[in-house]
Amino acid sequence: MAKDENEKIVVGLDIGTTKVCCVIGEVTETGGLNLIGIGHSVSRGLKKGIVVNIETTVEAVRKAVDDASRMAGVEVGSVYAGIAGSHVKGLNTEAVVAVAGKNKEVTNGDVERVIEAVKTQSVPPDREVIHIIPQEFILDDQDEIRAPVGMYGQRLRAKVHVVTASVARTQDIIRSIERAGYFVEDIVLQPYASSEAVLTQDEKELGVVMVDIGGGTTDIIVFSEGGVKHTSVVAVGGMQVTNDVAIGLRAPIETAEEIKKSFGSAFAGTINETEEIRVKLIGDRPDRVVPKRIVAEIIQPRMEEIFEFVSQELKMNGMEGKIPSGVVVTGGASLIPGIEEVVEKVLKLPVRVGYPQGINGLVEIANSPMYATAVGLALYGAKAKSGGKSGLRSNNKGAMEGVFANVVKWFKELF
């Protein structure tokens with residue numbers, strides 16, 4: 001493949017607890033994304049988003065990328081990879097600098113210095129910065145400024161959301177990908193990537209919480225006024241739901257997963273009490289027939305627990321009443337019927353299931369919440385290649401050289 005063609009290719013790699021998903025897209029002349037390849041494989045090398053077996057993870061990555069590469073008819077050299085897990089932390093912080101220069105006009109250099117001031121704030125040596133996501137600037141007493149360059153003032157303050165992760169856990173992800181034979185273009189917070197695929201700009205401006213229910217963890221990200229206000233991870237996901245079904249029905253894990261997907265419901269009130277299903281039991285015990293409603297009665301408490309955690313996060317971080325757009329639920333577990341009823345019951349907010357948007361090509365295959373993160377990673381990469389505002393992170397070695405130019409570009413392109 002020619003070099004100029006290769007530069008148009010972006011690869012999103014979602015390494016999850018239960019699956020590895022790879023999406024290959026071609027960046028269009030207008031900066032859009034045309035999906036040309038999709039691959040996935042079973043993941044057994046991670047637990048709650050953290051690599052616990054590198055060799056198994058390497059094999060799963062290689063298979064998913066190979067499948068997508070064959071479908072697309074291109075060779076993959078580099079990927080945009082997601083990261084999640086309880087080791088990932090997000091916090092809101094700010095820094096202030098005096099505007100340099102005699103005429104006190106804010107320049108790109110002032111923006112760089114205030115972001116530098118954020119960077120120099122204490123970060124433990126065992127952690128690295130994944131993202132510095134700008135929220136707003138304050139120039140003297142004027143707040144809610146998004147593009148301060150060219151304005152006049154004495155003191156420039158930046159409010160940002162900073163995401164950090166364990167250096168060791170991040171390097172485990174990177175090593176697994178590199179040992180599979182691919183270069184890591186960037187590491188991206190998974191819910192931030194998913195938001196690229198499933199949220200609209202109007203939702204981000206008005207205020208919205210996106211809940212991405214993965215296999216091992218549930219990721220939460222809150223947007224308001226166009227910026228990220230909060231990120232967090234709950235160490236409960238779809239696998240816990242499957243385990244509950246397995247224990248409740250005394251069924252093998254594989255059977256429980258199939259029952260969850262085929263007959264599960266997150267809201268028992270919608271199930272006809274007369275419906276029944278046949279369950280294969282553990283060992284040589286004969287199959288038994290159980291009411292379908294029992295499956296929903298097992299699943300519903302766990303799903304309610306997940307959204308109780310979301311409710312607690314919103315309350316603790318002062319976000320209650322600040323998300324008029326409601327809740328967008330995505331990830332594989334969002335496909336369980338009745339999810340909307342559970343969310344409305346617990347959070348008392350409008351809700352929708354988030355499907356990937358803004359893509360062309362293999363839309364029918366990728367049109368599922370289970371592909372939201374992988375598609376979002378590819379969209380993130382497309383923006384980065386097109387000079388957009390997504391690339392707000394350092395390179396995969398944890399250095400910060402690339403952050404400043406990207407932050408300046410982010411603000412310049414807002415208007």
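Listed values, structure above:
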{"read-out": "Residue identified as touching a residue at least 24 places away in the same chain (Cβ under 8 Å), over 20 Å from Ser166 (Cβ atoms) and touching a helix residue (DSSP H, G or I) at 6+ places or on another chain (Cβ under 6 Å) among Gly73, Gly31, Gly12", "value": "Gly12"}
{"read-out": "Any chance Thr217 is among the polar types (S, T, N, Q), within 18 Å of Gly354 (Cα to Cα) and crowded, with 24+ Cβ neighbours inside 10 Å", "value": "yes"}
{"read-out": "Pick from the range 137-196, criterion within 27 Å of Thr107 (Cβ to Cβ) and of a type in the set (Gly, Ala, Ser), ranking: modelled with the lowest pLDDT", "value": "Ala147"}
{"read-out": "Subset of the range 100-132 (residues that are assigned to a strand (DSSP E or B) and in contact with a Gly (Cβ under 7 Å, 6 or more places away or on another chain))", "value": "Glu105, Glu128"}
{"read-out": "In the range 173-212, the residues that are over 18 Å from the mean Cα position of the chain (by Cα) and more than 24 Å from Ile9 (Cα to Cα)", "value": "Asp202, Glu205, Leu206"}
{"read-out": "3 or more residues outside the structural domain of Thr218 (by TED's automatic domain parsing) and either among the acidic types (Asp, Glu) or modelled with pLDDT of 95 or more (or both): qualifying strands (runs of 3 or more DSSP E) within the range 306-370", "value": "none"}
{"read-out": "Scan of the range 79-110 for residues that are closer than 30 Å to Lys8 by Cβ and under 27 Å from the mean Cα position of the chain (by Cα), ordered by number", "value": "Val79, Tyr80, Ala81, Gly82, Ile83, Ala84"}
{"read-out": "Residue satisfying all of: in the range 82-99; touching an Asp or Glu at 6+ places or on another chain (Cβ under 6 Å) and part of a loop (DSSP other than H, G, I, E, B); farthest from Leu377 (Cα to Cα) among these", "value": "Val99"}
{"read-out": "Meets criteria (buried (at least 24 other Cβ atoms within 10 Å of the Cβ), modelled with pLDDT under 95 and in the same structural domain as Glu364 (by TED's automatic domain parsing)) for Gly16", "value": "yes"}
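The values are calculated or read from the model by the stated rules, or taken from the named source; none is laboratory data. Small disclaimer: the values here were computed from a predicted structure and weren't measured. For neighbour counting, all protein chains shown are included, and Cβ atoms are generated from backbone atoms with ideal geometry for every residue, glycine included.
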